1. With the checklist (1) touching a helix residue (DSSP H, G or I) at 6+ places or on another chain (Cβ under 9 Å); (2) at pLDDT below 95; (3) polar (S, T, N, Q); (4) assigned to a loop (DSSP other than H, G, I, E, B) in hand, flag the one item Thr64 doesn't pass.
2. So which residues in the range 225-265 are β-branched (Val, Ile, Thr), surrounded by fewer than 16 Cβ atoms within 10 Å (Cβ to Cβ) and in contact (Cβ under 8 Å) with a residue 12 or more places away in the chain?
3. Within the range 325-342, restricting attention to residues that are surrounded by 18 or more Cβ atoms within 10 Å (Cβ to Cβ) and hydrophobic (A, V, I, L, M, F, W, C), which residue is farthest from Ile301 (Cα to Cα)?
4. List every residue pair whose Cβ atoms lie under 7 Å apart, where the two residues are 6 or more positions apart in sequence or sit on different chains, the first residue falls within the range 524-543 and is charged (D, E, K, R), and the second residue, located anywhere, is surrounded by fewer than 20 Cβ atoms within 10 Å (Cβ to Cβ).
5. If the Cβ limit is 8 Å and pairs must be 6+ apart or interchain, which residue in the range 274-292 that is closer than 16 Å to Glu105 by Cα pairs with which residue that is of a type in the set (A, V, I, L, M, F, W, C) and surrounded by fewer than 17 Cβ atoms within 10 Å (Cβ to Cβ)?
6. Would you check which residues across the range 364-386 are more than 12 Å from the ligand (Cβ to nearest atom) and outside any loop (DSSP other than H, G, I, E, B) and list them?
7. Just checking, how many residues over the range 293-323 are out of contact with any strand residue (DSSP E or B) (no Cβ under 8 Å at 6 or more places or on another chain) and more than 16 Å from the ligand (Cβ to nearest atom)?
8. Can you tell me which residue within the range 117-165, out of those that are among the small types (Gly, Ala, Ser) and surrounded by fewer than 24 Cβ atoms within 10 Å (Cβ to Cβ), is nearest to Val84 (Cα to Cα)?
Amino acid sequence: MCGIVGYIGKRKAYPILIKGLHRLEYRGYDSAGVALINEQGQLNVYKAKGKVSELETFCESKDTGGTIGIAHTRWATHGEPNTVNAHPHYSESERLAIIHNGIIENYAVLKAGLMEQGYTFKSDTDTEVLVQLVEYTQVNQHVDLKTAVQLALQQVIGAYAIAILDKTHPDTLIAARKGSPLVVGIGEDEYFLASDATPIVEYTDKVIYIEDEEVVSLRLGEKVDITTINNVTKTPEIKRLELSLSQLEKGGYPHFMLKEIFEQPRTLTDSMRGRVNVRQDNIALSGFIDNKDRFLNAKRIIITACGTSWHAGLIAMYAIEEFAQIPVEVEYSSEFRYRKPVINKDDVVIAISQSGETADTLAAIQLAKEKGAFIFSICNVVGASIPRVSDSGCYTHVGPEIGVASTKAFTAQVTALTMLALCIGREKKTISKEQYLRIVRELGQIPDKIERVLGQNKRISDFAKTFTYAQNFIYLGRGYNFPVAMEGALKLKEISYIHAEGYPAAEMKHGPIALISQEMPVVVVAPHCGTYEKVVSNIQEIKARKGRVIAVVTEGDELVSKIADYCIEVPATEECLTPLLTVIPLQLLAYHIAVVKGCDVDQPRNLAKSVTVE
Ligand code: AGP
């Protein structure tokens with residue numbers, strides 16, 4: 001998730017663009033860049049690795065003149081975060097410059113075609129392919145920039161929000177979007193362009209939200225021109241901004257955590273983009289494809305992680321053992337790195353880390369690597385330390401996760417690990433084609449099903465208020481949902497400061513049932529799956545001792561709904577995919593209890609987003 005900004009008007013563009021990038025830094029900041037057309041018609045592109053402030057320092061000695069420009073703060077998806085891969089990208093002739101937020105799935109095919117035409121590339125990015133395609137189209141079909149953009153985008157598969165400049169037309173700024181957001185701001189003799197309204201709100205409250213497959217042309221003295229990529233003219237719909245700057249950064253949500261909970265349908269779609277092909281009934285993970293033998297010959301898979309990522313690893317254990325029939329051990333990184341573990345050369349070690357910088361997990365894989373194991377990482381930050389040490393991996397592509405309590409990264413980790421388990425199982429033929437196809441098709445339905453669960457947010461908020469008295473909670477689940485119970489407990493602990501434990505439901509009888517009382521709410525994850533009847537018995541044991549039960553059940557449940565105090569329904573799905581749905585109510589429950597308690601939801605006390613020290 002990158003941030004893009006554009007300006008064309010009567011003022012110096014550079015200060016407006018830089019300020020706009022600062023407003024968008026919450027979207028990612030591993031590198032940044034700006035492109036300006038100055039008074040002499042020169043197209044100047046300046047880029048720097050790191051935060052926007054690094055770019056500002058770099059530009060202090062540069063010509064930053066010009067009243068038209070575009071700027072970009074990057075969250076790397078293709079290519080390491082460095083200056084070469086930073087945006088904007090020149091076309092080969094350096095006549096065009098482009099910035100892009102999104103992922104072009106068919107960039108490799110497009111790049112190969114352009115290379116056959118003699119085009120060369122400086123970066124590893126999909127974005128540079130796009131600007132070369134636009135230039136190639138313009139030159140070979142003798143069309144203007146807008147038409148070239150329309151024609152080029154007709155060949156693109158994936159998501160984009162782009163802005164592009166042509167130094168031979170310094171009076172025109174062209175932009176387009178599909179799948180990534182883009183807003184136009186309308187000022188007095190000036191236009192603004194951005195990923196969202198945060199860079200625009202201080203200049204104007206008149207905005208146009210660009211729709212998918214629309215191309216917008218901004219020219220001074222002319223009205224905003226909008227067409228589709230097939231050149232069908234559209235009537236711009238001007239809206240008035242009502243949100244404050246702070247609210248805008250959070251997408252109108254009160255906290256980043258709630259925004260990120262509600263982003264999950266989209267972030268899972270992004271995470272599966274180019275990997276789960278429901279039409280072709282197939283999953284393609286390049287990290288697996290390139291290293292098949294390591295997985296197929298593995299005698300054991302060791303998963304090492306911390307916190308929420310460790311819970312994702314527990315779920316992966318169930319999936320990998322069920323579908324790939326490879327023994328899995330799930331380790332806390334901090335324990336694994338010091339207990340002198342036995343690690344063999346034919347072991348595969350999977351590191352799971354949202355930040356890619358957790359010190360214990362990094363140390364754990366460095367230890368495993370020294371002993372010859374194959375290291376595969378599931379990470380959300382391109383170019384972070386853990387992916388750099390790994391032999392291969394799979395990025396989750398959910399964009400920056402700002403809330404300290406992990407939500408969208410967790411569901412993306414579980415999705416990536418489930419895809420991996422299915423890929424291995426398919427290759428080893430330890431999963432039937434029928435079951436594989438059924439799960440692949442169901443994966444494609446998960447974002448919409450999460451959307452349906454999110455629809456219960458208000459109801460969960462209402463009954464969460466009745467539990468703020470509690471000093472202790474216990475969370476129960478079985479099978480794939482035992483780790484979900486642990487994750488739900490962690491969410492509550494870390495943002496509401498209420499003590500909570502996650503437990504295998506059957507373990508209640510081995511001690512914890514002594515704790516049951518009306519003062520300790522019990523959350524039970526009880527979707528329809530293999531051990532459902534047993535979980536129902538566990539709930540009855542709790543109710544017999546006057547325990548209060550909040551149950552997460554499958555839509556239409558007729559048993560638990562009669563005995564639990566509160567029920568939250570989730571759509572039916574494959575058992576291995578139930579965690580992607582059952583975790584959502586637990587995220588919302590923790591969030592709303594913490595909010596009622598007046599806790600700092602996005603930055604809970606004593607915590608950090610990434611634990612880069614032991
Ligand atoms: C989860 O909500 C916490 N923020 C924490 O447990 C986190 O999952 C853990 O520190 C691991 O972080 P990582 O995924 O970045 O390695």
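1. Single failed check for Thr64: (2).
2. Here is the first cut: in the range 225-265, the residues β-branched (Val, Ile, Thr) are 226-229, 232-233, 235, 238, 261.
From the residues that got through so far, the ones that are surrounded by fewer than 16 Cβ atoms within 10 Å (Cβ to Cβ) too are 232-233, 235, 238.
Residue satisfying the conditions is Ile238 alone.
3. Result: Phe336.
4. Going by the 7 Å Cβ cut-off, the qualifying pairs are Lys534/Ala506; Glu541/Ile513; Lys543/Ile563.
5. Close Cβ pairs (under 8 Å, with a partner that is of a type in the set (A, V, I, L, M, F, W, C) and surrounded by fewer than 17 Cβ atoms within 10 Å (Cβ to Cβ)) amount to Gly274/Ala284; Arg275/Ala284; Asn277/Ala284.
6. Restricting attention to the range 364-386, the residues satisfying the condition of being more than 12 Å from the ligand (Cβ to nearest atom) are 366-376, 382-383.
Gln366, Leu367, Ala368, Lys369, Glu370, Phe374, Ile375, Phe376, listed by residue number.
7. Summing the residues that are out of contact with any strand residue (DSSP E or B) (no Cβ under 8 Å at 6 or more places or on another chain) and more than 16 Å from the ligand (Cβ to nearest atom) in the range 293-323 gives 7.
8. So in the range 117-165, the residues among the small types (Gly, Ala, Ser) come out as 118, 123, 148, 152, 158-159, 161, 163.
Remaining after also requiring surrounded by fewer than 24 Cβ atoms within 10 Å (Cβ to Cβ): 118, 123, 158-159.
On the way: Gly118: 20, Ser123: 6, Gly158: 22, Ala159: 22 Å.
Among residues in the range 117-165 that are among the small types (Gly, Ala, Ser) and surrounded by fewer than 24 Cβ atoms within 10 Å (Cβ to Cβ), the one nearest to Val84 (Cα to Cα) is Ser123.
The values are calculated or read from the model by the stated rules, or taken from the named source; none is laboratory data. Keep in mind the model is a prediction, meaning the values are calculated, not measured. Cβ coordinates were reconstructed from backbone atoms using ideal geometry, including for glycine residues, and neighbour counts include every protein chain displayed.
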